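Chemist: Okay, handing you the structure first.
The numbers here are math on the coordinates, done by the rules we state, and not lab data. All figures in this text were calculated on a predicted structure; none of them were measured in a lab. As a convention, Cβ positions derive from the backbone with ideal geometry for all residues, glycine included, and neighbour counts pool all protein chains shown.
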Amino acid sequence: MTTATSAGPHAGGEGETADGAEMPEYSAIPGRLDESLGPDGRVRTRWKQVAAEMAGLGPGGLLARRAELARLLRNDGATYNVTRDGRSSRRPWSLDPCPLVLDDTEWSALERAVAQRVALLDLVLADLYGRRRLVAEGLVPAELVLGSPSFLRACADTATPDARHLFLTAVDVVRDRQGAFRSIGDWAQAPSGLGYALVNRKALSRVLPSLHRASGVERLAGFFRSIRAGVARVAPEGVDDPRVVILTPGPLSETYFEHAYLASYLGYALVEGRDLVVNNNRVWLRSLAGLDPVDVVIRRVDDQWCDPVELRADSLLGVPGLLEAARRGRVAVVNPIGSAIIEHPALTGLLGRVAPIMLGEELALRGPETWWCGHPRGLSHVLASLEELVVFPVGASTGLWPVVGSNLSADALAGLRDRIRSRPADWVGQEVVEPSTVPTVSDNGTLEPRPAVIRTFSVAGDAAGDGASHGFTVLPGGLTRVGVATDAGIISSRGEGTSKDTWVASAEPALQQSTWLPSARAPKRPAVIPELPTPLPGRVAAQLFMLGRSAEHAELVIRLIRTVLTRLDQPLGMGVDGGAESLQVLLSALRTVSGFDAVSEPDDPGFRPGGPALPTPPVQSAGRGDGTRAADHEPEVPTDRRALALLLDAGVDGSLVSSLGLVVDAAYSVREQLSSDTWQLIGDVEEELARLRHRPPTQLVGVQSSLQRLLQALLALSGLSAENMERDSAWLFLDGGRRLDRAQSLVRLVRAVLVRKRAGVVEDLLLESLLKTSESLIIFRRRSGPIMHVAGAVDLLVYDAANPRSVIFQLDRLVDHLEDMPEQSSAQRLGNEERLVLETATMLRLTDAGRLAAVDQDTGLRMELDAVFGRVDGLLGELLDSLRHTYFAHERLSVLAGRNTEDGGSGEAGGGTGHRS
Amino acid sequence: MNFRIVHRTAYKYDTPVTRCRNEAHLRPRETQRQHCVSSELVVDPSPTSWSERTDFFGNPVVSFAVDGPFRELTVTSTSSVSVAARRSLPTDGPTWDGARDQLANDLTPELLAAREFCFDSPLVTTSSAIRAYAEPSFPGGRPLIHAVADLTERIFQDFVYDPGFTTVTTPVEEVLGYRRGVCQDFAHLAVGCLRSLGLAARYVSGYLETSPPPGQERLIGADASHAWPSVFVPRWGWLDVDPTNNKIVGPTYVTTAWGRDYSDVSPLKGIVFGGGGSHTLDVAVDVTRSAPLEA
């Protein structure tokens, strides 16, 4: 079955294989170590159950499981962002149905080795930012540290109160040809992957439940308990119940999904730099209720971007003053800023030499042999043996990936040599380590061997308490990534290939664990005092408000289009029964209503999908350049295309596609606030949206089923928020956004349709459409019988406080919400927003449906309706602005000053006053 | 010699600033030949947060925050400093290539401390062009001090002092290409030249006496903060030179801070919240000789 010949002694598993166990149709790559098969081609003992399950499923079953995993992951919103040419796009996270299995004996050896390596990294980090003995004694070349852009001098005197500096560390591990585990990457500044490991486990244990149960897989929850305990330990002195935030670069960052996922799993607030402020060297969270103190910052922002005052001045991701607050011990930032220095492969390549001196032990988990070109000996070796090495850039030259010398042509090798020679310190050469392979489901359902890298995670703190773990606890398992191609030697961490759950199969069944701290540790405070609620950052409130508004708006556009479609379906030829005219009115009304003011929140360029609103009617969209631009000015544009444009033109604010884009973006940026059921619906919307964008229908009829699915998702979304959300501030803003949009759209719609008095049959059709769009036709019929009349319809749509679609109903809800919203200024008893809502309601109550329906004989217009609704629309716009100002305003950041105008210097701000003499 | 220095920086903003957070390298540091007798830093409006520390290079740093709203921010640093005469230059100092080799291999604390200044830094990236410019001053075996004096003179001769040409972040490459700039640019260029050859060079910020005694010429940079390079001479110490004026730095120069380049010692930098639109900046420096003070 396999011809593996040279696999050496196998660490841990001892190469024992199970009698008679085989995986049909799977064979290892000759000469490569495979995780599941022994050298004799038989399945290893620890893989027996998994192999049997895979064999039992067969290609069809495996593909079905893979699809099911994709569905579950999508429902959890599991994505990663890829940035290419300055544009960021979300990709679905992918998980293979076949786990990577390690037995607990080999795992405990690996676990100790990882903990030892992390402990050593921790000591090295402390030394480099402290006494620098390693440099003074010549163990580490001075230029490697002092010449590295990652060595941040501003961080030399910051430290966490705990003796250990590295709170959370990731070490990438592979098994080499000889069966030994080797580390191939150390991640310290903001290690990623933990959230993905967690979501992988959740999905796979649901898709293969019995296999998961039967395999005695060690649980992950204990590790997260260690994180919580560790956070309590690193908090500033005297803080018993630390307030913790996870600092994310924002929704466009590559691993934003897991920032949000971990925040909601651990119960910590997810914040961006602009949500935090430093006052008197303390860090505060700008929440709706004011400033909440922060004691621990788990940061996912890279070193250089953490503080624009002392580090990169152009960073908008950081918090001005964070470093000084950390330096003064008023906040714990983990991992400490400056940790990136120990990710340098040339430095970690020296750990083997350093371990006996710093730890008094040999290094158990060794990396590949490494040569740094910044050192003359390293340079000459790399230049001479380029064909046998993996070469990659470090430090300043980013955007380049590891290169396997043996894959290059002679020309390419010569070019690479020149590049290395020009800046040797930026290059590192390493021995090629060939990772072992693991069975992975291919696109036709067969199992193929793919190279695997396991990312392990360690947290500071000795969970076992036996001292054997060097003070670090390792997650039992990890995030396994596999390469795309069968023979790929190097596995990119950037999205190609797929991932695997990593199982440490224990002989004893795993104990049920939870992430909550054991009660013995918890009661530092009397149990009657409820835990502090996680404060809601203003930015999150703004996004929830946007989510409410855009979801409501999309819903309205769909209803209106559906009404138009119904008209089109009916055999209403030109001039027959006013059908054509009513259709034209509805279409222009649709355009009015679509004037959705999509400015989601201040200061946030780049978050808006699509471009700015086009001043011209969106006729030319629909995706085909058929040169009918002249039609812009003619009323006779085929109605089909006009309606399609309002649906599909992402460049038009308020078009269906642009509103849905706002729904999805807003949802992603408040990911941690939303339940998994909600995610499922957001996933549905996103999928449908992608379909509309990629294969835009050319005919309205082709849209109907799409609209139906979208409407269902949106209705379910509003149902979930009505039925399942706690009535907290988050809900107030979500529902408030919905109410405001519903009121404003309805006012605009009624005004656009009814101001001009039309022939009886046309008006009847219009009223019917209006009522239908507002879900009020049935009530109307029940009340008024079969006869349409404007006053009755206006009464129902505007004044009926019992009709949940009426304008008054929305205003009543808004008043309630405003009362419950956190008070911003206690001095003003009646806030500006309350005043605006009351003024709107009063404006409407000063007149009535009868007067609104009255037609001016001279003009044929409903003048009162036009005037009152115009003012109401304006007031609601003011309300929107006022809410933004009160709750969502974020201050703009800018660099203090750049140039000395006195000397006539010119150009961009550079961070301060210069030496301009 | 004793000096009284008043360094006043004033920002005016078009729209109100709600808060700012800054870091100042404005208190003169202690050096082997300089003692800071007094230093007072006044910020208007009054800061709401204030902390002081010594940075990685031993310079005093003040971090402060001011809560607004305000449209003007003034930072005034007033200090008294006594400066001793320069030590006499070594007559038989090391050759430049000898110094280079010693820096590469010697791990004594003194050399290791100087090593810090051998590498690229945020604003000084060495290149073959910079090295090519430096090389004529550094033939093999030339005493380091002579070579540095020659480089200083060449920069003085080859470059036009032009305050309108560069900004605080103009790359050295560009200064070299256009042959013009201000003191900061010439200091960065000299630092880059020296580092490109494997020597240790740092960037010094400070002041020049504003009005020299009668009969002496008034130097460029006397009415603003000044900057110059310094090179490490093994077994002797750091030698400061001034390519803007073609001088060896003497007792009429006051040192404020040193670092790898401007970014380490910017007199005042920070972040403001609000204050959108434009702002103006006004810097005034006055350095006067004073009677000896009681230390």
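Chemist: What share of all Cα pairs of chain B, in percent, falls into each consecutive 5 Å distance bin?
Modeler: Binned Cα distances yield the sequence 1, 5, 12, 15, 17, 16, 14, 10, 6, 3, 1, 0, 0.
Chemist: Follow-up question, since we're still on this one. Would you compute, for the Cα atoms of the stretch B:96-250, the largest minus smallest coordinate along each principal axis and list the three values in descending order, in whole Å?
Modeler: Per principal axis, max minus min of the Cα coordinates gives 46, 33, 26 Å.
Chemist: Just counting partner chain Cβ atoms within 10 Å, what average do the residues of peptide A:273-286 show around their Cβ? Intermediate values should be presented prior to the final figure.
Modeler: Details: counts 0, 1, 0, 0, 4, 5, 6, 5, 5, 1, 0, 0, 0, 0.
The per-residue average across the peptide is 2.
Chemist: Other chains near B:176-184: what is the mean number of their Cβ atoms within 10 Å of each residue's Cβ?
Modeler: On the way: counts 0, 0, 0, 0, 0, 0, 7, 4, 5.
Mean number of neighbouring Cβ atoms from other chains: 2.
Chemist: Sticking with this structure for a sec: To the nearest 20 debye, what is the magnitude of the charge dipole of the stretch B:96-250 about its Cα centre, counting +1 on the Cβ of each Lys and Arg and -1 on the Cβ of each Asp and Glu?
Modeler: On the way: 12 positive and 19 negative charges, 29 e Å.
Computed charge dipole of the stretch B:96-250: roughly 140 debye.
Chemist: Moving on. Run the simple label-point estimate for residue A:316 and residue B:89 please: 7 Å along Cα→C-beta, distance reported in nm.
Modeler: The two pseudo-label positions are separated by 5.1 nm.
Chemist: A follow-up question, please. For the residue pair residue A:68 and residue B:50, what label-to-label distance in nm results when each label sits 7 Å from Cα along the Cα-to-beta-carbon direction?
Modeler: 6.8
Chemist: Using a cut-off of 24 Å between alpha-carbon atoms, which lysines can reach residue A:757, once sequence neighbours fewer than 8 places away in the same chain are excluded?
Modeler: The reachable lysines, counting only those whose Cα sits under 24 Å from residue A:757, are A:772.
Chemist: Over all residues in B:50-57, what is the mean tally of Cβ atoms on other chains that come within 10 Å of each residue's Cβ?
Modeler: 3
Chemist: Please sort by residue number the GluC sites (Glu not before Pro) in the stretch A:234-306 whose DSSP state is loop and whose Cβ has at most 13 other Cβ atoms within 10 Å.
Modeler: Filter output for the stretch A:234-306: A:237.
Chemist: A further question follows. Sequence-distant or interchain residues sharing an amide H contact under 5 Å with residue A:756, placed H: which?
Modeler: Placed amide hydrogens put A:862 under 5 Å from residue A:756.
Chemist: So which GluC sites (Glu not before Pro) in the stretch A:69-140 pass both tests, a DSSP loop state and at most 14 other Cβ atoms within 10 Å of the Cβ?
Modeler: For GluC sites (Glu not before Pro) across the stretch A:69-140 that sit outside H, G, I, E and B with at most 14 neighbouring Cβ atoms in 10 Å, the list reads A:137.
Chemist: For a quick check: with amide H placed at 1.01 Å from N, whose amide H comes under 5 Å from residue A:333's, ignoring anything fewer than 5 positions away on the same chain?
Modeler: A:297
Chemist: Next question, about the same structure. Check the straight Cα-Cα distances from residue A:500 and name the lysines below 24 Å, setting aside those fewer than 8 residues away within the same chain.
Modeler: By straight Cα distance, residue A:500 reaches A:48, A:202.
Chemist: Counting only residues 5 or more places away or on other chains, whose amide H sits under 5 Å from the amide H of residue A:79 once H atoms are built in the peptide plane?
Modeler: When sequence neighbours closer than 5 places are left aside, the close amide H contacts are A:93, A:257.
Chemist: Rank B:91, B:252, B:15 by mean-square fluctuation in a GNM of chain B with C-alpha springs under 10 angstrom and give only the top-ranked residue.
Modeler: Residue with maximal mean-square fluctuation among B:91, B:252, B:15: B:91.
Chemist: So for the stretch A:747-810, taking the charge dipole from beta-carbon charges (+1 Lys/Arg, -1 Asp/Glu), which of A:765, A:789, A:749 sits furthest toward the positive end?
Modeler: Towards the positive end, the residue furthest out is A:749.
Chemist: Here is a follow-up. Going Cα to Cα from residue B:12, which lysines come in below 24 Å? Please leave out same-chain ones fewer than 8 positions away.
Modeler: Here the lysines satisfying the reach criterion relative to residue B:12 are B:269.
Chemist: Extending each Cα 7 Å along its Cβ direction at residue B:78 and residue A:87, get the distance between those two points in nm, one decimal.
Modeler: Going by the 7 Å Cα→Cβ label model, 6.0 nm.
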